[in-house]
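Here the structure comes first, spelled out in structure tokens, and everything after it is commentary.
The values are calculated or read from the model by the stated rules, or taken from the named source; none is laboratory data. Just so it is clear, the model here is predicted, and its values are computed rather than measured. Positions of Cβ are generated from backbone atoms using ideal geometry, with glycine treated the same way; all protein chains shown enter the neighbour counts. Remember, those area values only see protein heavy atoms, side chains included, never the ligands or the DNA or RNA. Shrake-Rupley method; radii C 1.70, N 1.55, O 1.52, S 1.80 Å.
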Amino acid sequence: MSKRVEIDVIDDRCIYINDYRIAGSKPYVSENLKSTNYITTTDRILDQLDFEDIEKYILKKRGLQ
């Protein structure tokens, strides 16, 4: 089952997925930067990733590699 994913792009400076910064520098609240919000699903994101990379990541997280 696919889960809902929230993506926030803060003024072309950083990207958050579900309130976790994955790229860019941390913005300061006082900067009052423009934020754009997108909603998608885990299925749509995973469809764009390489299956072998996903498999390696899962094995690594489980301590099997």
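Of all the residues that make up the range 20-33, how many are open to solvent by 80 Å² or more (accessible area, probe 1.4 Å) and either among the hydrophobic types (A, V, I, L, M, F, W, C) or at pLDDT 95 or above (or both)? Before you say what the answer is, go through the steps one by one.
Let us first name the residues in the range 20-33 that are open to solvent by 80 Å² or more (accessible area, probe 1.4 Å), namely 20-22, 26, 28-30, 32.
From the residues that got through so far, the ones that are either among the hydrophobic types (A, V, I, L, M, F, W, C) or at pLDDT 95 or above (or both) too are 20-22, 29.
Counting residues in the range 20-33 that are open to solvent by 80 Å² or more (accessible area, probe 1.4 Å) and either among the hydrophobic types (A, V, I, L, M, F, W, C) or at pLDDT 95 or above (or both) gives 4.
Considering only residues that are assigned to a helix (DSSP H, G or I) and of a type in the set (Phe, Trp, Tyr), which ones fall in the range 34-56?
Within the range 34-56, the subset assigned to a helix (DSSP H, G or I) is 42-46, 51-56.
Selection gives Phe51 alone.
For residues that are touching a helix residue (DSSP H, G or I) at 6+ places or on another chain (Cβ under 9 Å) and exposed (fewer than 11 other Cβ atoms within 10 Å of the Cβ), scanning just the range 51-65, find the one that is modelled with the lowest pLDDT. Walk me through how you get there before you give the answer.
Taking the range 51-65 first, the residues touching a helix residue (DSSP H, G or I) at 6+ places or on another chain (Cβ under 9 Å) are 54, 64-65.
From what is left, the residues that are exposed (fewer than 11 other Cβ atoms within 10 Å of the Cβ) are 64-65.
Working: Leu64: 81, Gln65: 69.
This residue is Gln65.
Go through the range 34-50 and give me each residue that's within 17 Å of Ser2 (Cβ to Cβ) and either among the acidic types (Asp, Glu) or surrounded by 10 or more Cβ atoms within 10 Å (Cβ to Cβ) (or both).
The answer is Tyr38, Thr40, Thr41, Thr42, Asp43, Arg44, Ile45, Leu46, Asp47, Leu49.
Any idea which residue in the range 1-19 is surrounded by the most Cβ atoms within 10 Å (Cβ to Cβ), counting only those that are free of Cβ contacts under 8 Å to residues at least 12 places away in the same chain and either part of a strand (DSSP E or B) or among the charged types (D, E, K, R) (or both)?
Per the stated criteria, the residue is Tyr16.
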